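Peer 1: Quick one: this structure, given as structure tokens, is what I'll be asking you about.
Just so it is clear, none of the values below were taken in a lab; they were calculated from the coordinates. These numbers come from a predicted model, not from an experiment. Every residue, glycine as well, gets a Cβ built from its backbone with ideal geometry; the counts of neighbours run over all protein chains shown.
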Amino acid sequence: MKFLYPVPSTSIVTQTFEEHVRRAQANNWQYYNGGIDWAVPTGTSIKAAQDGTVKEVRNDATGYGTHVRIEHANNYLTIYAHMQKIDVKAGDKVKAGQVIGKSDNTGNSTGPHLHFELRKGSTPIDPAPLLVTKLDGTGSGQEEVVESGGDMGIEPAQFPALPKARVTATLLNVRTGAGTEYPAITTLPAGTEVEVLRKVVKGNDIWLQIGREQFIALKYQGQVLGKWV
């Protein structure tokens, strides 16, 4: 089962699932659950990641703040936290991609962002490997099938460790966004290994986010520029 990005897929990840887990362990927080944080401006549309039923709509003074919990098939639950405005109510049936409200900075939050959690039963799991930009009629992702022009290695399927990629091009630009329309801010020489926060598929091109406003091309215009390790 796959899940849609609840915010634009190009949004900046400010905290990964693994970073949430490490933070909880470092502070001995028992009830601090891992998810993904995206920095998005206040008022950004938040979308349901899959078909489901709204379980709860809550307005907590701390913690998640104004947030929505949606139950899905196969015992999955998603949580959308720190919102400003909610357009659904408990018991509503929602479709994948349906706008459920707007983002904000409510609850325990230091700036406008969406905290998104995915749980299987009561267990939080990393959403990143299951996020896609399109769903087919079966609820599976469509953009994962990309024609390869060379050997990119085998993409790691799951966390908790961040996947890594190695630069195979002689010199590879690091850009502020996933595309050549974004400015290059530095370069990486062949052999450089980087941790990957997320993958962005644009047509037949594959981009990897390796930091805050830092992206490299794994594959661009049929040319393979890096390899999963």
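Peer 1: At R0 = 25 Å, how high is the FRET efficiency between Asn59 and Lys95 if r is their beta carbon distance? Nearest 0.05 is fine.
Peer 2: Values: r = 24 Å, r/R0 = 0.96.
Efficiency computed from Cβ-Cβ geometry: 0.55.
Peer 1: For a quick protection proxy, order the peptides 4-11, 209-216 by their average other-Cβ count within 10 Å, most packed first.
Peer 2: 4-11, 209-216
Peer 1: List every residue whose amide H lies under 5 Å from the amide H of Lys85, counting only residues 5 or more places away in sequence or on a different chain, with H placed 1.01 Å from N in the peptide plane.
Peer 2: Long-range HN contacts for Lys85: Lys102.
Peer 1: Compute the distribution of all C-alpha to C-alpha distances in the range 3-132, in bins of 10 Å from 0, and list the percent of pairs in each, rounded to whole numbers.
Peer 2: Calculated P(r), rounded to whole percents: 14, 49, 34, 3.
Peer 1: ³J(HN,Hα) across the range 176-182 via Karplus (A = 6.51, B = -1.76, C = 1.60, θ = phi - 60°), whole Hz, x for Gly/Pro?
Peer 2: Coupling constants for the range 176-182: 7, x, 8, x, 6, 6, 8 Hz.
Peer 1: Determine, from the Cβ-Cβ distance of Ala184 and Ser45 and an R0 of 45 Å, the FRET efficiency 1/(1 + (r/R0)^6), rounded to the nearest 0.05.
Peer 2: 0.90
Peer 1: Taking the mean number of other Cβ atoms within 10 Å as a proxy for protection, how do you rank 100-108, 127-135 from highest to lowest?
Peer 2: The packing order, highest mean first, is 100-108, 127-135.
Peer 1: What does the charge count near Thr192 come to, summing +1 for each Lys or Arg and -1 for each Asp or Glu among other residues with Cβ under 14 Å from its Cβ?
Peer 2: So the surrounding residues net to +1.
Peer 1: I would also like to ask the following. Kindly flag which residue pairs out of Lys2/Lys93; Lys89/Lys199; Lys95/Lys120 have an alpha-carbon separation exceeding 21 Å in this structure.
Peer 2: Lys89/Lys199
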